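Since the structure comes first, as structure tokens, the remarks are kept for the end.
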């Protein structure tokens, strides 16, 4: 197929709060191709595409579509130019139906009544054409992630886009759904679309993309075709020279040694169930054991009870039935405060909303959770001198960019906020770490830093409960992997039996559903 | 008709008369809330609407002109609220409270400036009832439902119109999406700002009119702080009504009923000291809130400002 | 130098508000310069003016703290009015019922009664929030209206003073009168109590572990909860402390100034308290200073109405404008970053 350049972006610059997110970036998209936009977190890939989709205004630069310069001040204009985007966090109205979500914002044939027959027929035709099976009258909040993604894709197709941007589309998909997505992408290219595939996963890019463009720290690094690309080349491009690949956890093959000879059980859950305030059973008869020094991974599609499991272990929620034991002590009804005093550390999944105090100072943030324990507090009075000394130490050790302990939390950039939380989590000597998607939002060197810290603490006997939606991460550092589906543990695999597709099957509840 | 029946008819007639401020202000609050703007300035806007409505009605000689003036002032408050929250992105509660102060102070200040200090308060003619031919002849229901002033009819029709608009039209689909997920709406080309400004201004107009109703129908004049907390009750009412026009209409009838009941019990002579009867509407509101808070469906992004360029991790 | 630089936007904001209000005053046909002169200097021209200012300073600081302490945990207490009145009712009741006790007992009892009743009134809203998640703005405001009725009932009931025009109770026992710092013009020791409370609250929020938890809760309740802080308890505690401060103000007004419960005794203290809280940006340590400034304006406003016939509501407009300008200056600071 003869390929022409249909879209170009020249010399794009964008600064956010003193951070240069895009630095003279060049971008080119050809017809009928799948272009991979590759880079670690914070590399600028999503920012660049948000500029293209009209969600961000670039400080300078130009966009050329089919040879003509255009401007895209808002998403409405992007759509008008035939550019659509599927975001990492789906932009859907949970209590609307699939049909309403797709037609929202478009003009309909009967705007003053509720008659949507014409639109429904049109969309059903689209579904057939692109091989997307979906019930248009279902409510979004009842649908699984893979199906919700199809709705996002349909939204774009319904608006007749020629260019579709997908931002980290495989984040919430099991391997089987990833394969289905790739098939859909191939059909779309055959039907004349061009796809921009944003990802940080090497494997995917080499699998599905025709060309690959790598960004790092807001700058172009390299652009090449799949033929010319190789693992090492792309890794180097993504992380640069600063990182010692051989000593890294992610890229070196030196696995850690954890033998499952008898060690003391740190955490034991026996038949734990949790019914929430809406009377839904979110945890269903969970039993598991974690030994000292073990990294126990929990896989599962988002929303299958992972957060509830983390919160029950930490004492934020109390199990409705069953028992939670720490060493041999029953802690089922203990509070979070008591558990933290025992040496529990929690890295919550949603770190901005659950882990950081924007309106308080950096010092306040660094001692959050430990504020009532020595050396920070004694007899109900806070020892600010100790707090400031410890804060200054942490700022140095974890390279947090800030003016000091009294700096307002809101002044920190996103990356430094993450560093504060990593500093807080790893500055304690802990017996149990509950980590939920700990590396989400981190660039590759920071991810590696977290893994190294987990390994180090594991050496001293810390047990880790690692809940993650990133299968690669689980396969990399876990000693065992349990799979959660609808609040149940549907399988626990030892390291020798780690298999991506097997885990994917369990994650999708294949064994649980009666087909 | 027997004594009890007469009492009931009178009671219901009065209730329908009294529901109007609640309905108008409630729908005004609901509209803004549906796009995510949580107005807490109702008490101040209603007071200014009452004050301005009365003063303009008195000086111009036309109650209608007074009502329009009240709506314009209410709309102005809505515009200011929207500007400070939607465009300047200031905290909605704080701005609402500030407007409440300004509205309250203004409502007391204006009569002093326009009329000076008077011994006997000047009066405007109150709204007359408009009986609907034929329908008002029906026994029992006739006098209750079909022999009321024009704003009673407007309130009911408005509620039905808003329900249809919000849930049966494309416009309503878009409007509601702004409050449910502004980022999603924005990404589909729906102007979050435009809908927020629109609902704030129209909402403010309704709230201003609700305030003007008090001098226009109840007393014929403006007295300081005459809303007596109705503005705050309206906020509870909107939660109770699940931010839904028809349920808000029902809830307004219910709250008006409590108000009328406490008044009737005082007039009718009761063992309970009248001060405690006066407390009924407020206590009733608290009890309603106990049963409905947390259970009502609230627009997901109510009270939160939207900034397109704000980055989330 | 940075302290001055930091306060510069606020100074500009206040000046801006005065200029805007000045234009308004001129528009309603009065002389803004004369108005401002009276407004600001009345407090310092005579000893009486100054004492009047101090007398207002006490309830204004306390009702402002009643707003800022709950605000530290993120909650809006609009009920200082009702909590003030509840405290006044409690103080009056004890002062009348136990009038025969010696002063050494009666005075502390009267004060404590005020604090406790105010705290209990606030506890109602706090509990409604804790148990049913009812928005505290609504519950505190509704309770204000209920408290007005309660005051009317008490002031027109068996304790009614028939010789008074407006509903008023008989005086509390002489032994319940707060000792005076200055006899003429009268200034009670209430001002000392107020200062102690303000310092105590500052110490609590900034130096204690519980205070840390309060601030963390207000900064991000979800994050605080996830890290072990009992946020619901913090909401309740902050509301009760705020309500106790308002209750104390009511007790001081009864025991130190009026010596009886008068309908309307709450004046505009609570509204101004809210304004002071907003101008102080929620910072407890700034409250006493801002409150003093507002007290000066209020004393000036009565003088202005008496001598120049300018309605005293005008000063409310000035104060509201100050709030708006300060909030705007915050915005500008945010944009500059």
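The values are calculated or read from the model by the stated rules, or taken from the named source; none is laboratory data. Owing to the predicted nature of the structure, the values given are computational and were not obtained by experimental measurement. Cβ: placed from backbone, ideal geometry, glycine included. Neighbour counts: every protein chain shown.
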**Complete:** Restricting attention to region A:91-109, the residues that are more than 15 Å from residue A:157 (Cα to Cα) and more than 8 Å from every other protein chain (Cβ to nearest Cβ) number exactly 2
**Message:** Considering only residues that are within 14 Å of chain A (Cβ to nearest Cβ) and part of a helix (DSSP H, G or I), which ones fall in region C:220-250?
**Reply:** C:221, C:222, C:223, C:224, C:225, C:226, C:231, C:232, C:233, C:234, C:237
**Request:** Pick out the one residue from C:146, C:89 that is under 19 Å from residue C:60 (Cα atoms) and either surrounded by 20 or more Cβ atoms within 10 Å (Cβ to Cβ) or in contact (Cβ under 8 Å) with a residue 12 or more places away in the chain (or both).
**Result:** C:89
**Item:** Among the residues listed as A:101, A:66, A:50, the single one being assigned by TED's automatic domain parsing to the domain that holds residue A:163, over 30 Å from residue A:171 (Cα atoms) and modelled with pLDDT of 90 or more
**Value:** A:66
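This table checks each residue for (1) within 20 Å of the chain's Cα centre (by Cα); (2) modelled with pLDDT under 90; (3) more than 25 Å from residue A:201 (Cα to Cα); (4) in the same structural domain as residue A:204 (by TED's automatic domain parsing).
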{"residue": "A:467", "(1), (2), (3), (4)": "yes, no, no, no"}
{"residue": "A:477", "(1), (2), (3), (4)": "yes, no, no, no"}
{"residue": "A:480", "(1), (2), (3), (4)": "no, no, no, no"}
{"residue": "A:485", "(1), (2), (3), (4)": "yes, no, no, no"}
{"residue": "A:489", "(1), (2), (3), (4)": "no, no, yes, no"}
{"residue": "A:507", "(1), (2), (3), (4)": "yes, yes, no, no"}
{"residue": "A:511", "(1), (2), (3), (4)": "no, yes, yes, no"}
**Message:** Could you check region C:251-284 and list, in sequence order, the residues that are farther than 24 Å from residue B:101 by Cβ, in a helix (DSSP H, G or I) and touching a residue at least 60 places away in the same chain (Cβ under 8 Å)?
**Reply:** C:251, C:252, C:254, C:255, C:256, C:257
**Request:** Could you pull out the residue among C:290, C:318, C:296, C:323 that is over 17 Å from residue C:28 (Cα atoms) and within 14 Å of chain B (Cβ to nearest Cβ)?
**Result:** C:323
**Prompt:** Among (1) part of a helix (DSSP H, G or I); (2) over 23 Å from residue B:258 (Cβ atoms); (3) touching a residue at least 24 places away in the same chain (Cβ under 8 Å), which single condition is residue B:80 missing?
**Reply:** (3)
**Prompt:** Is it the case that some residue within region A:447-467 is away from every other protein chain (no Cβ under 14 Å), surrounded by fewer than 22 Cβ atoms within 10 Å (Cβ to Cβ) and assigned to a loop (DSSP other than H, G, I, E, B)?
**Reply:** yes
**Asked** Residues that are modelled with pLDDT under 90 and touching a helix residue (DSSP H, G or I) at 6+ places or on another chain (Cβ under 6 Å): which helices (runs of 4 or more DSSP H) entirely in region A:333-377 hold 3 or more of them?
**Response** A:351-355
**Message:** I'd like to check which helices (runs of 4 or more DSSP H) are fully inside region B:141-183 and have at least 1 residues that are touching a residue at least 24 places away in the same chain (Cβ under 8 Å), within 30 Å of residue A:94 (Cβ to Cβ) and within 12 Å of chain A (Cβ to nearest Cβ).
**Reply:** B:150-168, B:170-180
**Prompt:** Looking at this structure, is residue C:327 touching a helix residue (DSSP H, G or I) at 6+ places or on another chain (Cβ under 7 Å), without any contact (Cβ under 8 Å) to a residue 60 or more places away in the chain and within 21 Å of residue C:11 (Cα to Cα)?
**Reply:** yes
**Message:** Among the residues of region A:77-117, what is the count of those that are outside any loop (DSSP other than H, G, I, E, B) and either farther than 21 Å from residue A:167 by Cβ or free of Cβ contacts under 8 Å to residues at least 60 places away in the same chain (or both)?
**Reply:** 11
**Message:** Out of the residues in region B:102-116 meeting the condition of being touching a residue at least 40 places away in the same chain (Cβ under 8 Å) and surrounded by fewer than 24 Cβ atoms within 10 Å (Cβ to Cβ), tell me which one is nearest to residue B:235 (Cα to Cα).
**Reply:** B:102
**Message:** Just the residues that are under 21 Å from residue A:45 (Cβ atoms) and either under 19 Å from the mean Cα position of the chain (by Cα) or at pLDDT 95 or above (or both), please, taken from region A:164-184.
**Reply:** A:164, A:165, A:166, A:167, A:168, A:169, A:170, A:171, A:172, A:173, A:178, A:181
**Asked** How many residues are without any contact (Cβ under 8 Å) to a residue 40 or more places away in the chain and within 16 Å of the chain's Cα centre (by Cα) if we restrict to region A:299-316?
**Response** 0
